[in-house]
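Trainee: Here it is: the structure, laid out below.
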Amino acid sequence: DPFKHEPERDPNLVVRTEKPCNAETPGSLLTDFITPLKLFFVRNHLWVPQTEESPQSITIELSDGEEKSYSLSDLKAKFKEHTITVTLQCSGNRRSHMSKATLGPTSGLQWDIGAIGTAEFSGVKLRDVLKDAGYCVDEDCPAPSQAETDECDKHVQFISPGDTYAVSIPLQTAVNPQADVLLAWNMNGEPINRDHGGPIRAIVPGTTAARSVKWLGKISIGCDESPSQWQQRDYKCFGPNMKQTQVRAEDWEGAQSMQETPVQSAITNVVKANGNNKTTVQGFAFSGGGRGIVRVDVSADGGKTWKQADLHRDRAKGSRRWAWTMWSIEWPKDEISVGQQTEFVVKAVDDSYNTQPETFEGTWNFRGLCANAWDRKAVPIEA
Ligand code: MTE
Ligand code: MO
């Protein structure tokens, strides 16, 4: 049984599958800007390797087949350490909400709002390591850089031992100093634990968490995206008309795999007025690609009228906004209809003025990815 050495987990996590362990944070506990480690959601495709089985070094394979290895101590000694505040969200977060659309159930783990969390990750920038390994990434490269002379868009593949998991990101992201892609060994100031991919894990900020490969062993650069099912199949969205059985090989090939993620928000808590005549609604808002949140609209009548939530100005580390924004709003009791279910609704706007769709009908896809319609929470408000 490869699962007999699984790590201990916090009993507060909501377990969706036990083997492999897939467990989310209860939404009501997602109140802190930095998610406590023990409450951080866990998404594992297979068993968790034992510490001694996990790679203790990173091997980089360049386009010409040349390889270079770095142990954890090499990484720590040779390169500048950076700490970045990053929200990781599973591509399937809120899938159970999309599954309630008229098109019906979607396939995959039926997450509520808690397959998301924020941590401070420390490590070195992948670009610095690639440069040291001989991959020219600067404008002042001696010869025209490899990226410019090669006749293909390049990709960086992240590979876990024995191909137990492998995906890729565009090289442009990996070498962009503002993209903050890390080879990380610390999470909230502690060595990354087994569940979250230690000793060394890739962190790709602003990108769906599937690209932040745990137990990272090998990095390979070339003209192709990762050939794995996790790159070629699992994280691609089709239109609501498409059923899984209708997708042809050329449709899979032509579809874009998820990288940066769309704007998202959710209600974590509705704290009902008792005595002070106010109801407090709280939640998070997040967008991919380093886009910050500029506005969060909340409704107490199912989306007919709106008010703006207070955005909590938590400071995040990094070149761009890689972290969620927590928000809250107080609702005077006399502005809420009492004696019935009151439906609170939230939607966020990011700094490119992208916003969330009202319903799941138009973005429904059979894999239940990118579920980001307005989040609704109905609560009874007593007189
Ligand atoms: N890396 C490996 N090696 N194996 C995995 O199963 N799951 C991915 C990603 N990296 C995965 C992985 C997915 S789909 C997600 S959502 C995140 O890890 C989850 O990270 P977490 O478990 O630290 O929250
Ligand atoms: Mo995921």
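Trainee: Note down the Stokes-Einstein diffusion coefficient of segment 254-383 in µm²/s, whole number, using a Kirkwood radius over alpha carbon pairs, 37 °C, and 0.692 mPa s. Write down the numbers at each step before the final one.
Mentor: Numbers: Rh = 15.7 Å.
For the chosen part, D equals 209 µm²/s.
Trainee: Given R₀ = 56 Å, what would the calculated FRET efficiency be for Thr280 paired with Asp64, taking r from the Cβ atoms and rounding to 0.05?
Mentor: Details: r = 59 Å, r/R0 = 1.05.
Taking R0 as 56 Å, the efficiency between Thr280 and Asp64 is 0.45.
Trainee: Mind running the shape call on segment 153-224? Use the C-alpha gyration tensor, a ≥ b ≥ c as the square roots of the eigenvalues: rounded below 1.5 for a/c, prolate if a/b tops b/c, oblate otherwise.
Mentor: Working: a/c = 2.29, a/b = 1.32, b/c = 1.73.
It comes out oblate by the Cα gyration axes.
Trainee: Please state the charge dipole magnitude for the chain, taken about the Cα centre, from unit charges on C-beta atoms (+1 on K and R, -1 on D and E), reported in debye and rounded to the nearest 20. Walk me through the intermediate numbers first.
Mentor: Working: 42 positive and 51 negative charges, 229 e Å.
The calculated dipole for the chain is roughly 1100 debye.
Trainee: Among Ser57, Ser73, Ser220, determine the one that fluctuates most according to a GNM of the chain built with springs between C-alpha atoms less than 10 Å apart.
Mentor: Of Ser57, Ser73, Ser220, the Gaussian network model singles out Ser73 as fluctuating most.
Trainee: I would also like to ask the following. Enumerate the residues in segment 14-33 having an amide nitrogen under 18 Å from the point lying 7 Å beyond the Cα of Asp1 toward its Cβ.
Mentor: Correct set: 16-22.
Trainee: Another question, then. As a test of the formula, what do you get for the chain when each DSSP H run with n ≥ 4 contributes -39,500 (n - 2.57) and the sum is divided by the residue count, at 222 nm and rounded to the nearest 500 deg cm²/dmol?
Mentor: Working: 7 runs with 37 residues, N = 383.
That calculation yields -2000 deg cm²/dmol at 222 nm.
Trainee: Please go through segment 281-383 and write out the GluC sites (Glu not before Pro) that DSSP classes as loop and that have at most 15 other C-beta atoms within 10 Å.
Mentor: Numbers: sites: Glu330, Glu335, Glu343, Glu358, Glu361, Glu382; in loops: Glu358, Glu361, Glu382.
When the GluC sites (Glu not before Pro) of segment 281-383 are filtered for loop state and at most 15 Cβ neighbours within 10 Å, Glu358, Glu361, Glu382 remain.
Trainee: Measuring from a point 7 Å past the Cα of Arg376 along Cα-to-C-beta, which residues in segment 289-304 have an amide N at less than 18 Å?
Mentor: 297-304
Bear in mind these aren't lab numbers, they're just calculated from the coordinates by the rules spelled out. Note that the structure is a prediction, hence the values are computed from the model and not measured. Every residue, glycine among them, receives a Cβ derived from its backbone with ideal geometry; neighbour counts consider all protein chains shown.
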